[in-house]
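Engineer: Dropping a structure here in structure tokens format, bear with me for questions.
The values are calculated or read from the model by the stated rules, or taken from the named source; none is laboratory data. Bear in mind the structure is a predicted one, so any value in this text is a computation, not a measurement. Heads up, the Cβs are rebuilt from the backbone with ideal geometry, glycines too, and the neighbour counts pull from every protein chain shown. These area figures cover heavy atoms from the full protein model, side chains too; ligands, DNA and RNA do not enter into them. Shrake-Rupley method; radii C 1.70, N 1.55, O 1.52, S 1.80 Å.
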Amino acid sequence: MPEASPAADSGDTPAASPDVPEGRRFEPDLRSMTRINLHPIASPMPLGFFTIAIASVMTGCLQLGVFDEAARAAVAFTVLPAFVLQLLVSILAFGARDVIAATLMAVFAGSWLAYALVMFSGAADGLRVLGVFNLALLCFGALMTAVTRPKRALWLVLAVSLPRWATTGLAGITGAEWLTRTSGALGLVVALVAMYTAFALMLEDMRSEQVLPIGRSGPAHLAVEGDLSVQLRNLERQAGVRRTL
């Protein structure tokens, strides 16, 4: 019959749990053995906002009549890169553990892709389909505004995008020319707001301090003004660290 080991007699090895299969060592607390490595990245948000601005200018000019109807395919081609750039921004934002920014940028990316494909293909009843699509975006945006308020930059871009999605959707469904023109004008407003936000974020990143007001509050304010201990609070419960989503 085997003899008990000294380590077992001394109590250094924790007692086996009845739920743990025989032969497996049970470790009651792994915190002292765990290391969480963070990989800082540059903020992708200025790129995302500049992309929104440029694509909004192109689509807004088409709606305002600056371009002829024959230029739809050309506008679609200029908007298509917005899909790639904002998808990249979304992926980087997920890597930075910012689910709100990542989700918003991914949806914007999908909207540019849908617009470019429909406009380029000249599909039958495409404007009406895009109208329903924009009304669906309106519902998404309304829900997102409820959770993005501390991130005032995202919230402001969403706030000016909501009436544009509404007018674009109604214009596509009804075919009303005045709604199309209104949507084009609102597109230029979205572009101005997004351009300002992107520029403000770039200045802030370059100088490591806020230069132009963005209006952060709550957790978004602490993310920039708080110390490292604030950033690491509850890190073990965040996606990518915890075991399940």
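Engineer: Find the residue count for the range 132-171, including only residues that are part of a helix (DSSP H, G or I), open to solvent by 60 Å² or more (accessible area, probe 1.4 Å) and of a type in the set (D, E, K, R).
Structural biologist: So the answer is 1.
Engineer: Next question. What do you reckon, is VAL129 over 27 Å from ALA101 (Cβ atoms) and open to solvent by 50 Å² or more (accessible area, probe 1.4 Å)?
Structural biologist: yes
Engineer: I would also like to ask the following. One residue is enough: does the range 125-136 have a residue meeting the conditions within 22 Å of ALA76 (Cα to Cα), modelled with pLDDT of 90 or more and acidic (Asp, Glu)?
Structural biologist: Within the range 125-136, not a single residue is within 22 Å of ALA76 (Cα to Cα), modelled with pLDDT of 90 or more and acidic (Asp, Glu).
Engineer: Among (1) at pLDDT below 70; (2) on the phi < 0 side of the Ramachandran plot; (3) exposed (fewer than 15 other Cβ atoms within 10 Å of the Cβ); (4) out of contact with any Leu (no Cβ under 6 Å at 6 or more places or on another chain), which single condition is ARG216 missing?
Structural biologist: (3)
Engineer: So which residues in the range 63-86 are among the charged types (D, E, K, R) and either buried (at least 16 other Cβ atoms within 10 Å of the Cβ) or within 29 Å of the chain's Cα centre (by Cα) (or both), if there are any at all?
Structural biologist: Once the filter is applied, which keeps residues that are among the charged types (D, E, K, R) and either buried (at least 16 other Cβ atoms within 10 Å of the Cβ) or within 29 Å of the chain's Cα centre (by Cα) (or both), the range 63-86 yields only ARG72.
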